[in-house]
Number of protein chains: 2
Amino acid sequence: MHQASDGIHLDSSLGYALKEASSALRSAMEEALRPLGMTITHYSCLELLAQGPGMSGSELARGAFVTRQSMHVLLQTLERDGAVERPPEDAVGKALPVRLTARGRASLAAATVAVRDVERRMLDGLGDAEQQRVLDALHRMTRSLRADAPRGA
Amino acid sequence: MHQASDGIHLDSSLGYALKEASSALRSAMEEALRPLGMTITHYSCLELLAQGPGMSGSELARGAFVTRQSMHVLLQTLERDGAVERPPEDAVGKALPVRLTARGRASLAAATVAVRDVERRMLDGLGDAEQQRVLDALHRMTRSLRADAPRGA
DNA sequence: TGGTGCATGTCAGTAGTCTGACATAGACTC
DNA sequence: GAGTCTATGTCAGACTACTGACATGCACCA
């Protein structure tokens, strides 16, 4: 019913389009990562660690857009599975740096293959200049939204 | 620690920027709707019903980017609170059209005030032409991502 | 020296969403 | 007419992420 209602006014809303694209990206990534038994936050954490070794749990949480409590439980799982390690003697103040293990790097490498394909598909119809413009616009939007809401995550 | 690690390579990834902007929008909307005791999906459902009266639960789920199971439990709450109604005699096949009540419309009106402000803030630094370009780009990205993954939700 | 503020790590409880499964209604085919 | 496919509604269980709360460590300042 109401096939026409799929696109009336909402399709002209940038906020709705943003949520739509984000949802499509999330679905595609979940689908790509599921065969590997990995969630998006799981993957994001490994990717962040590859680019910034020694990041703390709170930093990883901010980078993956979850709370530090959520990242905490994820890190427990990753540590149990031997993908990351955080030796207590490395502690800097209260922060405890996290590092990838060989196993974690292998896990990330496998996931990267699947994820790269999703991102390639997403960018399929966009030229380089357009990608840059959209990137800039998204950054400005993010900054404006956070200006009035300085949340920790 | 590692303040520099906040922006190395990931800031040049459109996928990451998309997730970042979406996360910022979600946070801002949650913050705006919380005083009203309303979640984003809650609001989305009401907004969809205002624009397309008589939508089915499955249609609402697709429009709000959740599963029809999630929308089902939400509709139970909304119906219990008297925000929506779906008289069994209106059933078209198995689909059961949902409609806003006066109470639901009032609830939506209050939420709209808060949400409009968030969207205004988000678009603050973007010109009209740029908004249109970004909107088009997001739609193309969404379509490309779904091309290979025709999921129901 | 003590106090204030802020960030981090951690524990506990809650809430929203998801996957899996089943039954039903309509459309289409043979 | 029977069979198949698709869409919808619904129930049940599991999971992920969240909010709230507390303790610790460091920086700053009076």
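The values are calculated or read from the model by the stated rules, or taken from the named source; none is laboratory data. Remember, predicted model here, so these are calculated numbers, not experimental data. Glycine also receives a Cβ, built like all others from the backbone with ideal geometry; neighbour counts cover every protein chain displayed. For the accessible areas, the whole protein counts, side chains as well, though only heavy atoms, and no ligand, DNA or RNA atoms are used. Shrake-Rupley method; radii C 1.70, N 1.55, O 1.52, S 1.80 Å.
Below are the figures for this structure:
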item: Qualifying positions in region A:74-87 - within 11 Å of DNA strand C (Cβ to nearest atom) and either more than 22 Å from A:Arg105 (Cβ to Cβ) or not in a helix (DSSP H, G or I) (or both); result: A:Arg86
item: Subset of region B:92-106 [buried (at least 17 other Cβ atoms within 10 Å of the Cβ) and closer than 12 Å to B:Glu47 by Cα]; result: B:Leu100, B:Gly104
item: Where a residue in region A:17-40 is facing chain B (nearest Cβ under 7 Å) and its partner, wherever it lies, is within 12 Å of DNA strand C (Cβ to nearest atom), with Cβ under 6 Å and at least six apart; result: A:Ser23/B:Phe65; A:Ser27/B:Arg151; A:Ala28/B:Ala149; A:Glu31/B:Ala149
item: Residue count for region A:52-63, restricted to those that are without any contact (Cβ under 8 Å) to a residue 60 or more places away in the chain and closer than 15 Å to B:Lys19 by Cβ; result: 2
item: Residues of region A:47-68 that turn out to be open to solvent by 10 Å² or more (accessible area, probe 1.4 Å), more than 9 Å from chain B (Cβ to nearest Cβ) and assigned to a helix (DSSP H, G or I), as a count; result: 4
item: Region A:69-81, subset within 14 Å of DNA strand D (Cβ to nearest atom) and among the charged types (D, E, K, R), residue surrounded by the most Cβ atoms within 10 Å (Cβ to Cβ); result: A:Asp81
item: Residue count for region B:91-100, restricted to those that are in contact with a strand residue (DSSP E or B) (Cβ under 8 Å, 6 or more places away or on another chain) and more than 14 Å from B:Leu49 (Cβ to Cβ); result: 0
item: Region B:36-46, residues that are of a type in the set (S, T, N, Q) and either closer than 18 Å to A:Ser12 by Cβ or not in a loop (DSSP other than H, G, I, E, B) (or both); result: B:Thr41, B:Ser44
item: Of all residues in region A:110-129 being of a type in the set (A, V, I, L, M, F, W, C) and open to solvent by less than 60 Å² (accessible area, probe 1.4 Å), the one that is farthest from the other protein chains (Cβ to nearest Cβ); result: A:Ala110
item: Candidates A:Glu89, A:Glu59, A:Glu31, A:Glu85 - the one that is more than 21 Å from B:Leu10 (Cβ to Cβ) and at pLDDT 95 or above; result: A:Glu85
item: Pair list, Cβ < 9 Å and 6+ apart or interchain, from region A:130-145 residues that are within 7 Å of chain B (Cβ to nearest Cβ) to residues that are basic (Lys, Arg); result: A:Glu130/B:Arg133; A:Arg133/B:Arg133; A:Val134/B:Arg133; A:Ala137/B:Arg133; A:Ser144/B:Arg121; A:Leu145/B:Arg121
item: Region B:82-91, subset open to solvent by 30 Å² or more (accessible area, probe 1.4 Å) and in contact with a helix residue (DSSP H, G or I) (Cβ under 8 Å, 6 or more places away or on another chain), residue nearest to DNA strand D (Cβ to nearest atom); result: B:Arg86
